[in-house]
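Here the structure comes first, spelled out in structure tokens, and everything after it is commentary.
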Amino acid sequence: MSLFEVNDAYLYNVTVEVEGFPFNYDAEGASHEVFHMNAVRSLEQEALPLYAVQTMEVVSDNYHECLDGDEREYFPLEFRLGFDWYGGHYGNIERFYHVHLSKGDSVSFSFNASGPVLFGLYGNRGDHYCIMVFGMGDPDDYYIRKSKIEALGMESPLETLFTAPRRGYYSFAFKAYSGAKTLVEFDVQRVILRGEGFTP
């Protein structure tokens, strides 16, 4: 578990299993009983709120500027895409929402867009997240890659289940098709599967 998840487990009163050993710590003439933690596992993973870390890439011709987010963002999310000013730079924005999942975790995700978007879902190597801009990513690198998806009403153009094949970060990528300004509503929620979901 990440430190964020440990903190959320405390805030939401979620039961965890702790692995480690107790020992005594002597300081300033006093002895303290403490516990060294080697691992923490949630016994109610589905009760923890799901969050993402966002990374953005502003693309204008051959110019690319990476704008990292450093705060957690909780679902559902609403954001804009398309050619505009972002952080003092003008270009077509690509947004990446990185979600950390354990092996076997299942999520349901959906989004709605006011204009056509490119959408992708890919996994990251190791325990870190990275961006894979649409112009550089090989289609085989994605679990899902769709082009020109849009919906103007409340019905989601894409809604599916995904089960993580391994522990790590999974990135949801968005870009406005042809740079047209677009508003996107995006949601990802933990689910407990009763049947079968999409597993790559």
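Which one is nearest to VAL99 (Cα to Cα) among residues in the range 1-31 that are of a type in the set (S, T, N, Q) and free of Cβ contacts under 8 Å to residues at least 12 places away in the same chain?
Among those that are of a type in the set (S, T, N, Q) and free of Cβ contacts under 8 Å to residues at least 12 places away in the same chain, it is ASN7.
Quick check on this structure: which one of VAL18, VAL58, VAL14, VAL53 is surrounded by fewer than 17 Cβ atoms within 10 Å (Cβ to Cβ) and among the β-branched types (Val, Ile, Thr)? Reasoning before the result, please.
Details: VAL58 fails: surrounded by fewer than 17 Cβ atoms within 10 Å (Cβ to Cβ); VAL14 fails: surrounded by fewer than 17 Cβ atoms within 10 Å (Cβ to Cβ); VAL53 fails: surrounded by fewer than 17 Cβ atoms within 10 Å (Cβ to Cβ).
Sole residue among the options that is surrounded by fewer than 17 Cβ atoms within 10 Å (Cβ to Cβ) and among the β-branched types (Val, Ile, Thr): VAL18.
Under 6 Å between Cβ atoms, which residue pairs at least 6 apart in sequence (or on different chains) link something in the range 32-45 that is part of a loop (DSSP other than H, G, I, E, B) with a partner that is surrounded by 11 or more Cβ atoms within 10 Å (Cβ to Cβ)?
Once the first residue is part of a loop (DSSP other than H, G, I, E, B) and sits in the range 32-45, its partners that are surrounded by 11 or more Cβ atoms within 10 Å (Cβ to Cβ) give GLU44/VAL14.
Has the range 70-82 got any residue that is more than 25 Å from LEU121 (Cβ to Cβ), more than 14 Å from the chain's Cα centre (by Cα) and either at pLDDT 90 or above or in the same structural domain as PHE119 (by TED's automatic domain parsing) (or both)? Even if it seems obvious, please write down each step before you answer.
Of all residues in the range 70-82, those more than 25 Å from LEU121 (Cβ to Cβ) come to none.
Scanning the range 70-82 turns up no residue that is more than 25 Å from LEU121 (Cβ to Cβ), more than 14 Å from the chain's Cα centre (by Cα) and either at pLDDT 90 or above or in the same structural domain as PHE119 (by TED's automatic domain parsing) (or both).
For the structure I just gave you, tell me whether ASP105 is assigned by TED's automatic domain parsing to the domain that holds MET136, over 21 Å from THR182 (Cβ atoms) and acidic (Asp, Glu).
Values: assigned by TED's automatic domain parsing to the domain that holds MET136: yes; over 21 Å from THR182 (Cβ atoms): yes; acidic (Asp, Glu): yes.
Criteria met by ASP105.
Of all residues in the range 108-128, how many are crowded, with 21+ Cβ neighbours inside 10 Å and touching a residue at least 60 places away in the same chain (Cβ under 8 Å)?
Here the count works out to 5.
The values are calculated or read from the model by the stated rules, or taken from the named source; none is laboratory data. This is a predicted model, so every value here is computed, not measured. So basically every Cβ, Gly included, is an ideal-geometry build from the backbone, and we count neighbours across all protein chains shown.
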